[in-house]
Amino acid sequence: MQKTARLPRQSVAMKQSRRRENIAGYLFMAPSLLFFLGFVIFPMVMCLVYSFTDYTMTSFSFAGFDNYKRMFQDAIFGKALWNTIILVLISVPVTCFFSLWAASIISKLHDRTTSFFRCVFYLPVVTGSVAVTVVWKWIFNRYYGVLNYLCMNLGLISRNMNWLGDASTALGCIITILLTTSVGQPIVLYVSALNNVDQSLVEAASVDGATNLQTFWRIKWPQIMPTTLYILVITTINSFQCFALIQLLTSGGPNHATETIMYYIYYNAFKLQSYGYGSSMGIILALIIAAFSALQFKVAKTDNG
Amino acid sequence: MSDNIAAIQKKMQRRQANTGGDHSVHQITPYEIAALVVLIIIAILFIFPLYWIITGSFKNAQDVIAKVPVWFPVQPTVDNYQRLFARPAIRWLGNTVFLCAMSMALTCVSASMGGYALAKKKFVGRGLVFSIFVCAMALPKQVILIPLLKEMAFLKLHNTLWAVILPTVGWPFGVFLMKQFSETIPESLLEAARIDGAGEARTFVEIVLPIIKPGIGALAIFTFITAWNDYFLQLIMLNDTDVLTISLGIAKLQSELSNDFGLIMAGAALGSIPIIIIFLLFQKFFTRGITMGAVKG
């Protein structure tokens, strides 16, 4: 009797505390949720809506899949997509490999030296894309640049190169700068991941006579896999979004040799005011990035057994 | 460098001492020495652009366009800085500091509350809210700029610093990072506060905040640096000379006078030295922010 009488009361109390928990939860969430919904989710939804319209300065009407059809016939979009993919396919593996290599060396050094190297490799990120870009523009300059002077003196070239103005070298220049601005964060992450590797396993392996390389692949690599995956995803996202470098160095030129999707979106939306077309390219870019990230997760999972 | 080699040996010895191992002392392989040399050369390449900005900003008009590069300004001049400050460069710097400080403050308040709720409050829909936050982080930020511009124009905020601040605060990374830190709050402390009859607000201020303080420090410095360098967002939202940030100011100098390297370098120095100093002062917090913010697995 007593038991059955207490049960409902308890559940009332539980209901009350659950309600309290709900109210408190949403009150605490309110500020961040407000900013997030208002300035991230709402624009994302609107981007999807715009992509089905012919939104420009003068018109705004529903256009179905017209923008998407136009994209597949747009040769410059194709060129931009191709360049973006080259950029990603070069910069992502190089960034990941270099960061891991550098981290594996600097994580073994004296603590102060480790943090010195970490700072140095982070420097281009902190310096900011604009400051980094303008100084590189000077370094690459055809007449007054250090690079031409050095290459001439080393006998690598016979006359001053127009590095950024030549279709065959411009994209390479962009990728070089992109690499210096993207290894900072992966190195920080790898140093911390390598320091967290279970030392007793490493010791055991070396007692068993494993070489350094074997120890790395068999013991350390599986343990830092989650970090590698995260780095792959963020580096891919960053490379796909490479914009400031292009806008300040080449504006997509010469002859669209450095046109990337992000720059082409900017050009269409903010120079030509084709908001609808720009939005549809944005949606495609988001889908491509999502596909790449999903693929990386899948590959890494099967790799891990 | 010999210091470092000694350090490697010492670390190895310490590790062996810790595990009580008695096997042979770690030998410095030739590979490690070669790798360190290569790494030092690469490090010099990473420092060079900054060196070139600073020295370039003190070079006179002949030196910046000399056929043989002037590696160090023997006759330094402040002429570039004088010409820079003849423009509204101080205003640009002030705008940038205001923008970053505001973004930082608002992000820290909203994200610490939101992160705590996601970690410790079992409200209905928590899982859904959290997955939307994480998915949004993986999307390209710049894709939403077109509708965002229209939204800001509608709110009459276009061409004001708020047009940059509000989306920066809305970005989900902060909430995610603070959730990671809030996970470490012991449930027993919250339980004790509840039994003592402390209200939600008091629990948050007196128990939660002191525990997640290092996280807030990490988020603060991370937001400040990110906002300082978020060029694309600033470019879209700010047009008038009065509201430009220092990044936009340098870009403007570059597009107007592309061969006046001295002046441009002075601008680049003004735009990067303050943020580099802030980074160096708080780099411990910053590193922690990056590592804690990594989505694992």
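The values are calculated or read from the model by the stated rules, or taken from the named source; none is laboratory data. Please read all numbers here as calculations on a predicted model, not as lab measurements. Cβ atoms come from the backbone with ideal geometry, glycine included; neighbour counts cover every protein chain shown. Only protein heavy atoms, including side chains, enter the accessible area calculation; ligands, DNA and RNA are left aside. Shrake-Rupley method; radii C 1.70, N 1.55, O 1.52, S 1.80 Å.
When B:G197 is tested against (1) free of Cβ contacts under 8 Å to residues at least 40 places away in the same chain; (2) more than 10 Å from every other protein chain (Cβ to nearest Cβ); (3) farther than 24 Å from A:G25 by Cα, exactly one condition is not met: (3).
Among what's in the range B:245-270 and is more than 9 Å from every other protein chain (Cβ to nearest Cβ) and over 20 Å from the mean Cα position of the chain (by Cα), pick the residue that is most open to solvent (accessible area, probe 1.4 Å). Filtering first and then ranking leaves B:E256.
Across the range B:108-158, what is the total count of residues that are part of a loop (DSSP other than H, G, I, E, B) and either within 9 Å of chain A (Cβ to nearest Cβ) or of a type in the set (F, W, Y) (or both)?
Residues of the range B:108-158 part of a loop (DSSP other than H, G, I, E, B): B:121-125, B:139-140, B:155-158.
If we keep only those that are either within 9 Å of chain A (Cβ to nearest Cβ) or of a type in the set (F, W, Y) (or both) too, we end up with B:121-125, B:139-140.
Counting residues in the range B:108-158 that are part of a loop (DSSP other than H, G, I, E, B) and either within 9 Å of chain A (Cβ to nearest Cβ) or of a type in the set (F, W, Y) (or both) gives 7.
Looking only at the range A:249-265, filter to residues that are surrounded by 23 or more Cβ atoms within 10 Å (Cβ to Cβ) and among the hydrophobic types (A, V, I, L, M, F, W, C); which one of those is nearest to the chain's Cα centre (by Cα)? Here the residue is A:M262. Is one or more of the residues making up the range A:86-101 surrounded by fewer than 18 Cβ atoms within 10 Å (Cβ to Cβ) and small (G, A, S)? No - not one qualifying residue is present in the range A:86-101. The residues of the range B:72-89 that are open to solvent by 50 Å² or more (accessible area, probe 1.4 Å) and not in a loop (DSSP other than H, G, I, E, B), listed by number, are B:D79, B:Q82, B:R83, B:F85.
B:T184 passes every criterion in (1) within 27 Å of B:R288 (Cβ to Cβ); (2) part of a helix (DSSP H, G or I) apart from (2).
Does any residue of the range A:145-164 turn out to be within 10 Å of chain B (Cβ to nearest Cβ), open to solvent by less than 20 Å² (accessible area, probe 1.4 Å) and either touching a residue at least 24 places away in the same chain (Cβ under 8 Å) or closer than 24 Å to A:F243 by Cα (or both)? Within the range A:145-164, one or more residues are within 10 Å of chain B (Cβ to nearest Cβ), open to solvent by less than 20 Å² (accessible area, probe 1.4 Å) and either touching a residue at least 24 places away in the same chain (Cβ under 8 Å) or closer than 24 Å to A:F243 by Cα (or both).
Residue check: is B:A201 open to solvent by 20 Å² or more (accessible area, probe 1.4 Å) and either in the same structural domain as B:S247 (by TED's automatic domain parsing) or part of a helix (DSSP H, G or I) (or both)?
Numbers: open to solvent by 20 Å² or more (accessible area, probe 1.4 Å): yes; either in the same structural domain as B:S247 (by TED's automatic domain parsing) or part of a helix (DSSP H, G or I) (or both): yes.
In short, yes.
For the residues B:I273, B:I290, B:I277, B:I221, the requirement of being part of a helix (DSSP H, G or I), within 28 Å of B:L161 (Cα to Cα) and facing chain A (nearest Cβ under 7 Å) singles out B:I290. For the range A:191-202, residues that are of a type outside the set (G, A, S) and open to solvent by less than 30 Å² (accessible area, probe 1.4 Å) total 4.
Residues of the range A:212-232 being open to solvent by 20 Å² or more (accessible area, probe 1.4 Å) and either at the interface with chain B (Cβ under 8 Å from one of its Cβ atoms) or charged (D, E, K, R) (or both), which ones?
Once the filter is applied, which keeps residues that are open to solvent by 20 Å² or more (accessible area, probe 1.4 Å) and either at the interface with chain B (Cβ under 8 Å from one of its Cβ atoms) or charged (D, E, K, R) (or both), the range A:212-232 yields A:N212, A:R218, A:K220, A:P226, A:Y230.
Of all the residues in the range B:24-71, those that are open to solvent by less than 60 Å² (accessible area, probe 1.4 Å) and in a loop (DSSP other than H, G, I, E, B) number 8.
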